[in-house]
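S.K.: Quick one: structure below, then a few questions.
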Amino acid sequence: MPFIANTDAQRKEMLEVIGVQHIDELFADIPAHLQCGEINIPKGLSEQEVRNRLDILSKRNNVDYFNFLGGGFYDHYIPAAVSAITGRSEFYTAYTPYQPEISQGTLQAIYEYQSAMCRLTGMEVANASLYDGGTAICEAIIMAANITDRKRIVIDDSVNPIYRKMVRSYTSNLGLELIEIPSKDGMPDRGLIEAALNDQTAALVVQTPNFFGCIDDVTDLGERIHSHGGLLVVSTYPLALGLLRPPGECGADIVVAEGQSLGLTLSFGGPYLGILTTRKKFARKIPGRIAGRTVDAKGREGFVLTLQAREQHIRREKATSNICTNQALCALTSLVYLSLMGKEGLAEVAQTCADKAAYARERLLQVPGVSLRFPPDRPFFNEFVLQLPMAADKVIRRLFLRSVAAGFPLGRYWPEMDNCLLIAVTEKRTKEEIDFLAHALGAVL
Amino acid sequence: MTPDDLLYTKQHEWIRVEGQTATEGITDFAQAALGDITFVELPALNKKLKQGDEAAQIESCKAAASVYAAVSGTVVAVNSALEEDPAAVNSDPYGEGWLFKIEADTPEETGSLLNAEQYNKHTEEA
Amino acid sequence: MKTIFEKSIPGRRSTRPVASDVPTKAKLAPNLLRKQPAALPELSELDVVRHFTGLSRLNFGVDTGFYPLGSCTMKYNPKLAEVVGRNPGFAMLHPLLPQLPGGEIMVQGALAVLYEMDRLLSEISGMAGFTMQPLAGAHGELTGVLIIAAYHKDRGNHKKTILIPDSAHGTNPASAAIAGFTVKTIPSSEDGLLDVEALEAALDDDVAGLMLTCPNTLGLTHPRIKEITDLVHAVDGLVYCDGANTNAMLGRCRPGDVGFDVVHINLHKTFATPHGGGGPGAGPVGVVEKLMPYLPVSVVRERQDGTYYLEYDHPKSIGYMSPFYGNFAVILKAYTYLLMVGSEGLPRISGNAVLNANYVLARLREHYEYPVKSKQPCKHECVLSAVRQAKSGVRALDIAKTLMDYGFHSPTIYFPLTVKECIMIEPTETESKEMLDAFCDAMIDIARIADENPESLHDTPRSTPVSRLDEVKAAKELDVASY
């Protein structure tokens, strides 16, 4: 069922206009011995059969458990109006807004998204989106290296470990010097960072709330890197910014984030949303598309893609990035989410997450044998690390049998933290579920 | 259209030599090809450039171009008015639209540049 | 239309978030907290829904009308795929689950989709295996070029140059540059195809590879393609196929069979996933056997008992290009489409896409210049030129804008750079003859007006909410966010 409209009779008429007998003649320029026969894949199915098959496959996934798994990707509530809006096909079946006269919907939405991200992160300009939080860090690093004309990048190791692996892959041939600094008690180690910074450092990359859930006031780190003439790149958790001080007020030069928490489903890893905001003075160094406001010949306001001379279709190998297609629909999704939550609503959701996580931490610490990995006065948002009396792997496996996804085992990326469990609590988790987790944890230890 | 008292490069830069100092800009042909110029990035003062080095960047809505140093030397002045409004590069490319001045350290390099007649011929072929 | 921020009414509320049901209150130090809430809109749910419904009506999508945007393959996006994408069994699935002990069994359906897509794409393109990680076409290019770099590094080759034809999409050189290569441009010959003699002259031991779009951006396949790939292989170079135009080749010719070593496929073009107003897409990358060790991690494998698992132990891998398994929901939609299409559907797609493009070309070539010297038929798209109309002052831009007043989306006009005043038309296989005729009639009518009254085409479109916008003002007086 390949969704072809024309009938055999129409095809015949068309072939006559073209002046050939058969469609295959239109492929005669491909030498016969290079043409393939029938492809060895299954025959096509009807819509009903395909739907059944995918229903069955979906049932081979298990999403029916109490979810305390985060690690940068969270199970937040998504209001019904989000998909009602993003499901409008005028949005989702359009292409990149190359023709502004008939793309004002997408272009204005991008402008509003850029505005929302600036307001949320405390910065001055944003791009139209990048692929995800990890590629956003990669792009920020390349951007910082270009702005400063330097090669040394210092990264704190409480930045999401998967993103740190991505940075290594992405920039492997750019001649950058990547220095990872071990964190200390769940926070960046100020002493080691100070020692690693020098006048050849392009950027210091930190994350707050970091992978362990700890919140850091990075103002002093900004001052330190700035004194060396480098830039501060801050990766953050955008929903948390409903409550937390925006990185723009803490000296960040480039703010990046994974936008999944803003109304996007988990969907086994994507599509997600790479957010990047910065200072106006760096606007021409930003990767990817940017929408701007202007007027037409009659003075009517409208929106266009602007500063395109940075981009690959004009500057080719000298472009600020190779990105073309981005995550436009995901950016729209986050904008709709933020519009529905509104000024007060986002603050409330973030506060609720923090409250429930604070309760969960108190409650779980009452379980015999359970303690905190990091000092108790470490501020945290909605995620925290427990030290268990046995391997976290074992505990997670046992709790799955009780329909609980208990969290993430830190030993996977920090071998010395085998007994550490990272637990995330969103506004969707109820007191009852938290109590159940505490009870179940007590039972399996 | 092409002033006789200037020297030109094949990449459409011009220079005016006065003593040791060479004032550089882009030609009328280049500004017309780029269209309305929206942004100019000028070199840092005191920057040392070799002939052919990338010295400045010019952007329009649909194009971006590098400006190369026509002679080797040190940047001694830049037309910073263009950073506010680069329109003069379009309206007066050989006058108010100049980009930067170089204190030339290898004067004999000017021998490799084109005169107005040669440059006109070059653009006709392009 | 006012922005959503300009519509905001202080104190108005929309969706009420859930209230806390725990007795604890989080206490954070003041230096960690916002002094005031982020200045987000304050509106009712109806206000928000009306605002975005209003914006959607200013847009033009495939569901709105004919969208012949060349090189973008704007075919119909089947609705079943959207339904499947929203299925909670997929939509609620946490990507870290398979990394947990005991978690793998909870994601078997999703792993099956990834595994089967790998097999389907491998068969369709004649490659040994695919990675689903790349999140868009350009991301696939970067992945592919990094694989080429890893291959050469592993063999101890010190190769620094990637060859790219002048007709290539801008992402090709931009991707090669991020992968650390120097780009050397190869000219096209008179017939619009890669100049084989120029290629031969450029080939030396420094050449790591050639990136070639197939069919190329003029919609042409290269009759000497096998000779080209052989030439590059002879200097131990690899050949990269930019598969953005795969729609023309489905079930007809496989990149792997003609000597390509690496290929990316844009699922959002060829496999009918919606473009979303500029994304998300997906750009899976396939490689030949000798490049399999370099694919990104993780890799989905099948056990004897039919279960799937993720393998992370690949010492030669280029590493992680995305955090997990690519834009999974996009891959899922493409999988849904491919199950419906099946083996017999593939050549019908390419056949009808090529038929439609040649039909448009046949109807328009008297009225517009056809800049391609080659006698061969075009493939999925045809490139015309408005040089004839430009003599009376009507540019390709004017034609593109005027088409909107006839109810059509414009073709691509800023690309390929090798054709002056280009008009690149890609009708796709899902459009009917009636639609193509209406479009061709409009194009012919515009050509007539360009002759008779060229001035009247400079201020089009007239039927849209805004007309041509001042891009110079936008770039000079930068207004890219409101605070």
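S.K.: Treating each Cα of the stretch A:1-73 as an identical point scatterer and ignoring solvent, apply the Debye formula and state log10 I(q)/I(0) at q = 0.21 Å⁻¹.
M.R.: Rounded to two decimals, the profile gives -1.09.
S.K.: What's the long-distance tail for the stretch C:81-339, i.e. % of Cα pairs beyond 36 Å?
M.R.: Counting pairs separated by more than 36 Å, the tail of P(r) holds 13 percent.
S.K.: Could you tell me how far the Cα centroid of the stretch C:217-250 sits from the Cα centroid of the stretch B:99-126, in Å?
M.R.: 41 Å
S.K.: Can you bin the stretch C:1-117 into rounded, prolate or oblate? Criterion: square roots of the alpha carbon gyration tensor eigenvalues sorted a ≥ b ≥ c, rounded for a/c under 1.5, prolate for a/b above b/c, oblate for the rest.
M.R.: It comes out oblate by the Cα gyration axes.
S.K.: Given C:His222, A:Cys214, B:Leu7, which one lies farthest toward the positive end of the charge dipole of the protein assembly as shown, if we put +1 on the Cβ of every Lys and Arg and -1 on the Cβ of every Asp and Glu?
M.R.: Working it through, the farthest residue towards the positive pole turns out to be A:Cys214.
S.K.: Taking 2.2 N^0.38 Å as the expected size of a compact globular protein, what ratio does the Cα radius of gyration of the stretch C:154-202 give against it, to two decimals?
M.R.: 1.26
S.K.: How big is D, in µm² s⁻¹, for chain A by Stokes-Einstein at 37 °C and 0.692 mPa s if Rh is the Kirkwood radius over C-alpha pairs?
M.R.: Answer from the Stokes-Einstein relation: 135 µm²/s.
S.K.: What is the list of residues in the stretch A:191-222 whose amide nitrogen lies under 14 Å from a point 7 angstrom out from the Cα of A:Arg279, following Cα to Cβ?
M.R.: A:203-204, A:222
S.K.: Here's another thing I want to ask about it. Would you work out if the stretch C:424-483 is rounded, prolate or oblate? Take a ≥ b ≥ c from the square roots of the eigenvalues of the alpha-carbon gyration tensor; rounded if a/c is under 1.5, else prolate when a/b is larger than b/c, oblate otherwise.
M.R.: Oblate, because a/c is 1.5 or more while a/b does not exceed b/c.
S.K.: Expected output is a single nm value to one decimal: the length gained when fully extending between C:Asp166 and C:Ser44, i.e. 0.36 nm times separation in residues minus the C-alpha distance. What is it?
M.R.: So the chain would gain 38.7 nm between C:Asp166 and C:Ser44.
S.K.: What number comes out for accessible area per residue over chain A if the probe is 1.4 Å? Units Å², please.
M.R.: Dividing the accessible area of chain A by its residue count gives 32 Å².
S.K.: Follow-up question, since we're still on this one. Using +1 at the Cβ of each Lys and Arg and -1 at the Cβ of each Asp and Glu in the stretch A:8-59, identify which of A:Gln48, A:Cys36, A:Gln21 lies farthest towards the dipole's positive end.
M.R.: A:Gln48
S.K.: Would you please classify the overall shape of chain C from the alpha carbon gyration tensor, given that a ≥ b ≥ c denote the square roots of the eigenvalues, rounded means a/c under 1.5, and beyond that prolate means a/b larger than b/c while oblate covers the rest?
M.R.: oblate
S.K.: Counting pairwise Cα distances across the protein assembly as shown, what percent come out greater than 51 angstrom?
M.R.: For the protein assembly as shown, the share of Cα pairs beyond 51 Å comes to 20 percent.
S.K.: Still on this model: Taking chain A as the reference, fit the longest principal axis to its C-alpha atoms, fit the long axis of helix A:8-18 to the helix C-alpha atoms, and give the angle between the two in degrees, 0 to 90, nearest 10.
M.R.: Once rounded, the angle reads 70 degrees.
S.K.: Also, I was wondering about something else. Which value at 222 nm does chain B reach when only helices count, each DSSP H run of 4 or more adding -39,500 (n - 2.57), with the total divided by all residues and rounded to the nearest 500 deg cm²/dmol?
M.R.: -5000 deg cm²/dmol
S.K.: Can you give the calculated 222 nm mean residue ellipticity of chain C, where each DSSP H run of n ≥ 4 adds -39,500 (n - 2.57) and the sum is split over every residue, rounded to the nearest 500 deg cm²/dmol?
M.R.: Calculated from helices alone, the mean residue ellipticity at 222 nm is -10500 deg cm²/dmol.
S.K.: Could I ask something else about it? Excluding C:Pro68 itself, calculate the net charge of residues whose Cβ lies under 10 Å from the Cβ of C:Pro68, where each Lys or Arg counts +1 and each Asp or Glu counts -1.
M.R.: For residues surrounding C:Pro68, the net value is -3.
S.K.: Charges only on Cβ, +1 for Lys and Arg, -1 for Asp and Glu: so what's the dipole of the protein assembly as shown about the Cα centre, in debye to the nearest 20?
M.R.: With only Lys, Arg, Asp and Glu charged at Cβ, the dipole is about 3240 debye.
S.K.: Take every DSSP beta bridge whose two residues both sit in the stretch C:81-339, then give the antiparallel share in percent to the nearest 5.
M.R.: Taking every DSSP beta bridge with both residues in the stretch C:81-339, the antiparallel ones total about 40 percent.
S.K.: Have a look at the stretch A:373-413 and report residues whose accessible surface goes down by 50 Å² or more when the remaining protein chains are included, against the chain on its own, probe 1.4 Å, ligands and DNA/RNA excluded.
M.R.: For the stretch A:373-413, once contacts with the other chains are taken into account, A:Phe400, A:Arg412 lose 50 Å² or more.
S.K.: To test your reading of the geometry: what angle, between 0 and 90 degrees and rounded to tens, separates the Cα axis of helix A:104-121 from the longest principal axis of chain A?
M.R.: 10 degrees
S.K.: Let me ask another. Under the rule of -39500 (n - 2.57) per DSSP H run of 4 or more residues, summed and divided by the residues of chain A, what mean residue ellipticity at 222 nm is obtained, to the nearest 500 deg cm²/dmol?
M.R.: Computed ellipticity for chain A at 222 nm equals -11000 deg cm²/dmol.
S.K.: Here's another thing I want to ask about it. Please report the net charge: other residues with Cβ closer than 10 Å to the Cβ of A:Pro209, K and R +1, D and E -1.
M.R.: That works out to -2.
S.K.: Helix A:47-59 versus the longest principal axis of chain A: what is the Cα-based angle in degrees, 0 to 90, to the nearest 10?
M.R.: Once rounded, the angle reads 10 degrees.
S.K.: Around C:Leu193, with a cut-off of 11 angstrom between Cβ atoms, what is the net charge of the other residues, counting Lys and Arg +1 and Asp and Glu -1?
M.R.: Local net charge: -2.
S.K.: Could you tell me which of A:Val159, C:Tyr406, C:Pro280 has its Cα farthest along the dipole of the protein assembly as shown towards the positive end, charges placed at Cβ (Lys, Arg +1; Asp, Glu -1), taken about the Cα centre?
M.R.: Sorting the options by dipole projection puts first A:Val159.
S.K.: A further question on this structure: Applying 1/(1 + (r/R0)^6) with R0 = 51 Å to the Cβ-Cβ distance of A:Thr430 and C:Asp206, what FRET efficiency is obtained, to the nearest 0.05?
M.R.: Efficiency, rounded to the nearest 0.05: 0.20.
S.K.: Then there is this: Give the lysines whose C-alpha is closer than 26 Å to that of C:Lys333, dropping any in the same chain fewer than 8 places away, or say none.
M.R.: A:Lys43, A:Lys59, C:Lys75, C:Lys79, C:Lys269, C:Lys379
The values are calculated or read from the model by the stated rules, or taken from the named source; none is laboratory data. Just so it is clear, the model here is predicted, and its values are computed rather than measured. All Cβ positions, glycine included, derive from the backbone under ideal geometry; neighbour counts span all protein chains shown. Side chains included, ligands, DNA and RNA excluded: accessible areas come from the protein's heavy atoms. Shrake-Rupley method; radii C 1.70, N 1.55, O 1.52, S 1.80 Å.
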